[in-house]
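Trainee: Before anything else, here's the structure in question.
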Amino acid sequence: MIPSTWKDTAEIIGILAIVASLIALVIELRQTQSALSAETYQARAIDAIGELLIVADSEHLAPILTKTNFGADFEAVGNLSAGDRLRLQHYLRARMIDWDNEHYQYQSGFMDADFFAATTTRYVREWAPRWRAIGLTEGREEFRRYVDTVLGEVATSEE
């Protein structure tokens, strides 16, 4: 009887050790997810600050953005020289790529819904007509569908 008790005790200890290991693993995964989300948020903030500083210090881009209301004044965009239009096009492409990246991060679970709705969706609603008017299209199909949905909501709400 004693050998059987030791065997049962050892099995129970082994099972408890496995359960404890799984609990520790879940806790570690949650901490890693939190750290990744914080790192992603910080990277977005650093990227935004860098972009704002570049525009503020640009001798070429800032006047173009001012003249065209950041690409929203389609008549002014049409009156740009070829070089200035190219600069605006590259700027708008950079904005589009940035928000495509945020959309991808949101789809992957690295961005919370509040931030996504408050910033990404708001900016896509404002900027997508600008990049589309200058001839740019979204590269990723998922992002294109998302932009179509956001712009469709705008068209629906304006009717």
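Trainee: For the range 17-118, which whole-number percentage of the solvent-accessible area (1.4 Å probe, protein heavy atoms only) is attributable to carbon and sulfur atoms?
Mentor: 62
Trainee: In the range 1-60, with Lys and Arg counted as +1 and Asp and Glu as -1 at Cβ, which of these residues, S58, L25, I46, has the Cα nearest the positive end of the dipole, that is, farthest along it?
Mentor: L25
Trainee: On to the next question. If the only charges are +1 at each Lys and Arg Cβ and -1 at each Asp and Glu Cβ, what is the size of the charge dipole of the range 1-143 around the Cα centre, to the nearest 20 debye?
Mentor: On the way: 13 positive and 20 negative charges, 52 e Å.
The calculated dipole for the range 1-143 is roughly 240 debye.
Trainee: In whole percent, what relative contact order does the range 38-116 give with Cα contacts below 8 Å and a gap of six or more residues?
Mentor: This gives 24 percent for the range 38-116.
Trainee: Here's a follow-up. What size of dipole, in debye to the nearest 20, comes out for the range 61-159 about its Cα centre when the only charges are +1 on Lys and Arg C-beta atoms and -1 on Asp and Glu C-beta atoms?
Mentor: Around 460 debye, computed over the range 61-159.
Trainee: Something else now. When the Karplus curve 6.51 cos²θ - 1.76 cosθ + 1.60 is applied with θ = phi - 60°, which whole-Hz ³J(HN,Hα) does each residue of the range 132-139 get, with x for Gly and Pro?
Mentor: In residue order, the calculated couplings are 6, 5, 8, x, 8, 10, 6, x Hz.
Trainee: Separate question: About the Cα centre of the range 14-68, what is the dipole size in debye to 20, counting +1 per Lys and Arg Cβ and -1 per Asp and Glu Cβ, all else neutral?
Mentor: Values: 3 positive and 6 negative charges, 48 e Å.
For the range 14-68, the charge dipole is close to 240 debye.
Trainee: I need the calculated FRET efficiency for the pair Q107 and H60, taking r as the beta carbon distance and R₀ as 35 Å, to the nearest 0.05.
Mentor: Working: r = 35 Å, r/R0 = 0.99.
Efficiency for this residue pair is about 0.50.
Trainee: In Å², what does the accessible area per residue of the range 22-159 work out to with a 1.4 Å probe?
Mentor: Dividing the accessible area of the range 22-159 by its residue count gives 62 Å².
Trainee: Given the -39500 (n - 2.57) contribution per DSSP H run of 4+ residues, what per-residue ellipticity at 222 nm results for the chain, rounded to the nearest 500 deg cm²/dmol?
Mentor: Mean residue ellipticity at 222 nm (helix-derived): -27000 deg cm²/dmol.
Trainee: I've got another one for you. What ³J(HN,Hα) values, in whole Hz, does the Karplus curve 6.51 cos²θ - 1.76 cosθ + 1.60 give for the range 108-124 when θ = phi - 60°, with x put for Gly and Pro?
Mentor: My calculation for the range 108-124 gives 7, x, 9, 9, 6, 4, 4, 4, 4, 5, 6, 10, 4, 4, 4, 5, 4 Hz in order.
Trainee: Then there's this: Pull out a ≥ b ≥ c, the square roots of the eigenvalues of the alpha-carbon gyration tensor of the range 30-159, then state rounded if a/c is under 1.5, prolate if not and a/b is larger than b/c, and oblate in the remaining case.
Mentor: oblate
The values are calculated or read from the model by the stated rules, or taken from the named source; none is laboratory data. Source: prediction; values computed, not measured. In this analysis, Cβ positions are derived from the backbone assuming ideal geometry, glycine residues included, and neighbour counts consider all displayed protein chains. Side chains included, ligands, DNA and RNA excluded: accessible areas come from the protein's heavy atoms. Shrake-Rupley method; radii C 1.70, N 1.55, O 1.52, S 1.80 Å.
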